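The structure under discussion appears below in the form of structure tokens.
Every read-out reported here was derived from the displayed coordinates using simple, explicitly stated rules and does not represent laboratory data. Given the structure is predicted, the values throughout are model-derived calculations rather than measurements. Glycine gets a Cβ as well: all are built from the backbone with ideal geometry, and neighbour counts include every protein chain shown.
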Amino acid sequence: MKPRHFFIRLLSLHPVLYLANLVAWTLIHMSLLIPGLITKKYFDQLESHTQLGYGVWALASLLIGAALARIAIIALGFLTDVHFRFRTSMLLRRNMLAHVLNEPGARAIPCSPGEAISNFRDDIDQTEEAISWSVDSLGLVGFAIVAGYILISIDAQMTLFVFVPLVLVVAAAQIATARIQKYRAASREATARVTSSISEMFSNVQAIQVAGAESRVVRRFVELSDRRRQTMVKDKLITEALSSVFTNSVNLGTGVILVLAGYKMRSGTFSVGDLSLFVYYLTFVTQLISNLGNFMTFYKQMTVSFKRLVTMIQGAPASLLTAAAYIGVGKPGRNWGERRSGQNKAGKTGKKASRTVLDAETEKTARQTDLDKGAGKTTRRSGWDAGSSAAEASASAAYSPAADGLITAASALDTSGLQAGPLQKLEARGLSYKYPETGRGIQGINLELERGSFTVITGMIGSGKTTLLRTLLGLLPASSGEIRWNGRRVEKPADFFVPPQSAYTAQIPRLYSDKLRDNILLGLPPEQSSLAGALHAAVLEEDVARLEHGLDTMVGPRGVKLSGGQAQRTAAARMLVRDAELYVFDDLSSALDVETERKLWERLFRERGEATCLVVSHRKAALAHADRIIVLKNGTIEASGTAEQLLATSDSFRQLWYGEEAGGDTAD
Ligand SMILES: Nc1ncnc2c1ncn2[C@@H]1O[C@H](COP(=O)(O)OP(=O)(O)OP(=O)(O)O)[C@@H](O)[C@H]1O
């Protein structure tokens, strides 16, 4: 998609509203014609010494009436403009956000959060500005056509002088185009750096204080701000210089016309009324030219913003940004649905429809409906939830090894979890991922998880444990290898490895400023979940009892600060409250004391039912009970087996095992 297609697509998103906005602003600009004509008539009558057709009061009333009518249309114009702007920018922001949330978690944005915020705010505002100014420009062109007609009919030669500056300004703007883009890109970049630095400072206040790095951080901030100041000055300078070229070239034209009018009036071919009309209209022609220039500047700046927005979506089709979606205004599904059928039409005409947000939404909705329908039917419910046995029976019945034999490579699993069936075996073959920045990661990992098994991944710091989990779950895009669920290839792990297939607790828990209950449920209907069971399994119930408002306690950045261990167990409860075939934990031990972690694993062993667990840990409580331990070293599997086998065969494992004891950890 080219910037101009993006622009046109945005204009046509709400055709009725855009048209209403266009009509309103055309009327606003055209209404300027009337006072000029009234004044001309007045002066003409004065000059011809005839009896005035209307008195001064009548003239004043006419002018006031025209002004009031204009105020009323301006109010209407602002109403349509605000609605149009809001809908456009909201849709862009909504689609960007939806895309970010659809991306593999670890690669959701290609820049720092601060830069992403800058894109969300400034680039979309810039786009909104260009869209809005297009209406003014069209309205002013309407004014220019009618005014031009009136002026030509009075004096064609003089009219030429009014419009010559316009041509000059358009040419000047075109020449300045490349510069504007360059300076705008640089100033946006510098602004994003400053925003990013502020965001980093706010999130690392403690670390900065502890390291005594306040003055260094402030110095860096000042440097970035100064760089921003320089780029902004250049950007503003070129924009303002251009704007002054627009205005002054027209002012110059006005002077020339006044001189010419003097000659013409002496020869009697030009009346005072004509002069008043020329002078009056020229003011607005000035505005027209500077507005057209502004629009062209905004349009060029929008092309820069468009490129930055496209970078944000990391190779996804740009049409995704403008895909119609419900933005919380009006009835859901009204223009959303219309657009969807429009897209279907495009698909029929052969234009390959890309995977838009809308598609993803539809996919998810369809999938959720299926899941709701299938709840308790094909999904095995975990042990800490009631009614597991009946569900387990039906789950076993739903899986047919015989049928599995018929599955070919072609029938790979798509994003629809329902086709997956209860987990019998999960396999990874040759799974690799390398971080582009460091060239580190994992390489050629082969893994097999049987139903109900408990597998622990262990290894030294930086051996690739987290990377393996994230690649398996699709949070990082595997560079090679495949994943099979019951023998069927998983095409899109990021879409597939979500409840009811799998649930995941990351190493660093993230809590939102919300009630503890809502942090755990995260949108899950309370009646469909066993919150008490999850709290117990995550060893959180005593902590909740100690909180004054229990589950209603506000936690997260704006609430009660939970300890690292409490936050980690809250994240574990968030995972356990969801029915899943496979539970994946990334190193809970970083913030849990040995006793609490032991309790957590014991409860998990006891109550997990048939759930399969994949756990990163170096704690004996987990290692000793594991059906299988995988030892990673430098991103590859160095050894695997039970704790007993590995103690006999693997030096690395012995080091990890006894290292724990040396570290004074007496968990077992
Ligand atoms: N975002 C990243 N960008 C670049 N390199 C990374 C990134 N994250 C991890 N790495 C590198 O990849 C390798 C594996 O890291 P990973 O986090 O998977 O190790 P780990 O075994 O989970 O470590 P830990 O025990 O500290 O959690 C390390 O060498 C690390 O430096």
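Taking the Cβ-Cβ separation of residue 160 and residue 90 as r and a Förster radius of 41 Å, what is the calculated FRET efficiency to the nearest 0.05?
On the way: r = 45 Å, r/R0 = 1.10.
Taking R0 as 41 Å, the efficiency between residue 160 and residue 90 is 0.35.
Taking the Cα centre of each part, how many Å lie between the stretch 63-96 and the stretch 523-538?
47
With a point put 7 Å past each Cα toward its Cβ, work out how far residue 211 is from residue 101 in nm, to one decimal.
Spacing of the two 7 Å Cα→Cβ label points: 3.4 nm.
Using R₀ = 60 Å, calculate the FRET efficiency as 1/(1 + (r/R₀)^6) where r is the Cβ-Cβ separation of residue 45 and residue 5; round to 0.05. Before the final figure, lay out the partial values.
Working: r = 53 Å, r/R0 = 0.89.
Efficiency for this residue pair is about 0.65.
Of the listed peptides 506-519, 627-640, what is their order by residue-averaged count of other C-beta atoms within 10 Å, with the highest listed first? Intermediate values should be presented prior to the final figure.
On the way: 506-519: 17.4, 627-640: 19.3.
Packing proxy ranking, top to bottom: 627-640, 506-519.
If each of residue 633 and residue 82 carries a label point 7 Å out from its Cα toward its Cβ, how far apart are those two points in nm?
About 6.8 nm, to one decimal.
Can you flag which of 515/599; 599/620; 434/633; 182/234 are past 21 Å Cα-Cα? List each step's numbers first, then the result.
Details: 515/599 25 Å; 599/620 12 Å; 434/633 15 Å; 182/234 10 Å.
The answer is 515/599.
Show me the ranking of peptides 223-236, 574-587 by mean Cβ neighbours inside 10 Å, starting with the highest.
Going by the mean number of other Cβ atoms within 10 Å, highest first, we get 574-587, 223-236.
Roughly how many nanometres apart are two label points built 7 Å out from the Cα toward the Cβ at residue 146 and residue 37?
So the label points at residue 146 and residue 37 sit 0.7 nm apart.
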